[in-house]
Amino acid sequence: GKTFMGGQPVELPNIGTSLLMKITERGKVLNVTGSAPQDMDFKQMQVEFPEKKVSIGDSWTRRLKATQKFPVPMIAKYTVTGFSKVKGYDCVVIKSTIGVDPNYVNEEKMDLTVDATGLLYFAYKDGKMVKNEVNSLMDLTMTLETPEQPKPVKINMKMDLKMSMVIK
């Protein structure tokens, strides 16, 4: 795949990268091995399941802390929407929605909107994430201070991400 910056195509890093993540039954990441980028926080990216049993229509949320790479806290909401058979696995289908934490107090000179939605397919009998599809849209406007004048810079990013389990 490619992305464009300033109208010019740029190769995406880490295409074809394989990682092995050891996680608990609830989805908490214990460790990651493979050629993972040093600056990626997989503990923040992995869905953690609630301690209580959930049914269709049940939801839970998780606060994703601000990091140096992404200095804005986010709220992820997960909702069980149904069941599906994927790659031969009985999966629970979980809708995810992610956005900026509404309690975030923006002290920077930036305006950020994040709208990400997706579907996770988790093989609940086997404890495996079979498929994860996310569509995200991010709008960022920030003011850069220059000696001449403050200048607003607008960044729009649309990303469609599809991850699936590879069976070896």
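Quick note: the coordinates plus some simple rules give every number you see, no bench work behind them. What you see is a predicted model, and the numbers here were worked out from it, not measured in a lab. As a convention, Cβ positions derive from the backbone with ideal geometry for all residues, glycine included, and neighbour counts pool all protein chains shown.
Taking R0 as 25 Å, what FRET efficiency do you get between Glu133 and Met157 from their Cβ-Cβ distance, rounded to the nearest 0.05?
Values: r = 17 Å, r/R0 = 0.69.
Efficiency computed from Cβ-Cβ geometry: 0.90.
Applying a 10 Å radius around every beta-carbon, put 84-93, 64-73 in order of their mean neighbour count, most first. Don't skip to the end; give the middle numbers.
Numbers: 84-93: 15.1, 64-73: 12.7.
Listed from highest to lowest mean packing, they are 84-93, 64-73.
Each label point was placed 7 Å from the Cα along the Cα-to-Cβ direction; for Glu51 and Thr117 their separation is 3.2 nm.
Here the simple spin-label model places points 7 Å from the Cα toward Cβ, and for Phe83 and Met110 these points are separated by 4.3 nm.
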